[in-house]
1. Residue separation times 0.36 nm, minus the C-alpha to C-alpha distance between A152 and E229: what's the value?
2. Provide Y187, Y243 ordered by accessible surface of protein heavy atoms (probe 1.4 Å), highest first.
3. Ordering E21, E164 by how much accessible area each has at a 1.4 Å probe, largest first, what is the list?
4. If each residue of separation counts as 0.36 nm, what is the full-extension length gain between H103 and E259 once their alpha-carbon separation is subtracted?
5. If each residue of separation counts as 0.36 nm, what is the full-extension length gain between D135 and T285 once their alpha-carbon separation is subtracted?
6. Quick one: of K232/K287; K257/K287; K26/K141; K26/K173, which pairs are farther than 19 Å apart, Cα to Cα?
7. For segment 170-180, what does the Karplus curve 6.51 cos²θ - 1.76 cosθ + 1.60, with θ = phi - 60°, yield as ³J(HN,Hα) per residue in whole Hz, taken in order and with x for Gly and Pro?
8. Roughly how much of W185 is accessible, in Å² to the nearest 10, using a 1.4 Å probe?
Amino acid sequence: MTGASTEVEPTFCGVVALIGEPNAGKSTLLNRMVGAKVSIVTHKVQTTRARIRGIAIEGAAQLIFVDTPGLFRPRRRLDRAMVKAAWGGAADADVTVLLVEAHRGLTEGVRVILETLGGQLSPKARVALAINKIDRVPAEKLLALSAAMNEARAFEATFMISAERGHGVDHLKAWLARQVPPGPWLYPEDQIADLPLRLIAAEMTREKLTLRLHQELPYELTVETEGWEERKDGSVRIDQVIYVARDGHKGITLGPKGETIKAIGKAAREEIRAFLGQEVHLFLTVKVRPNWLDEAERFTEIGLDFRDGDA
């Protein structure tokens, strides 16, 4: 008498890097793929700093997404570290997806990325093209852009998507699941990101700051979670410090009678609470650190390597 078959279904697992110019929609696509918000989304360019790893399941495949900082011409130490992180994320991936905005097309920045791809990735690297924001242009322009992009580089596949609306994303996700190699899943089935909760919470607050202050404040601010206390009543107390580069920036962040920071804190608290699924007590402090952009500790806190910023 033979026993029942206990054959285990094979599983697949791989890393997918999302690259492109700033604001191409990488964070929006990552959040759409994962089905939850794990990466900062604003209309201000260069907001993604750390290589956010979002985790999605598609059939028997676990896809580990690396949302890289937007690729651009770096000027400051922070910029250089962000670009180095972006190319590092792509080099380590099993599959790379280049996102291009449909309405902007084959820009000078995209041309530079295409030229750099050959030197940064191995000749065997698998690169797909995703033309994003397709709802902004007519079909004939999409076809012309696809032809021009594939003439510049032979992509494994080309996808027409709208990350914001979800159009074409399932098709892309299913294709990616067929590209990753066989192997065990690296994360539990219910885990959607491998960032520490402290960093995710800080990113959520930084997003609210960027959305509220994008006209008044440049990029010289960062948020760090200094305290995280789980309370007996099931709530959590989170203490965060907002570092700005100048005294004037502190006044802008606080706002008249502290109204601006109160509004930012309220919006951040609500989003963190929804993400964690528990009551949140969020306390924000604003501190001036003129040289935080040149401090190794600040880079480490946001997931970047200080040495990558060397000229």
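The values are calculated or read from the model by the stated rules, or taken from the named source; none is laboratory data. Please read all numbers here as calculations on a predicted model, not as lab measurements. These area figures cover heavy atoms from the full protein model, side chains too; ligands, DNA and RNA do not enter into them. Shrake-Rupley method; radii C 1.70, N 1.55, O 1.52, S 1.80 Å.
1. 22.5 nm
2. Ranked list, largest accessible area first: Y187, Y243.
3. Working: E21 30, E164 145 Å².
The residues order as E164, E21, largest area first.
4. That works out to 52.4 nm of additional length.
5. Stretched fully, the D135-T285 segment lengthens by 49.9 nm.
6. K232/K287; K26/K141
7. 4, 4, 4, 4, 5, 5, 4, 4, 7, 9, 6
8. Result for W185: roughly 80 Å² accessible.
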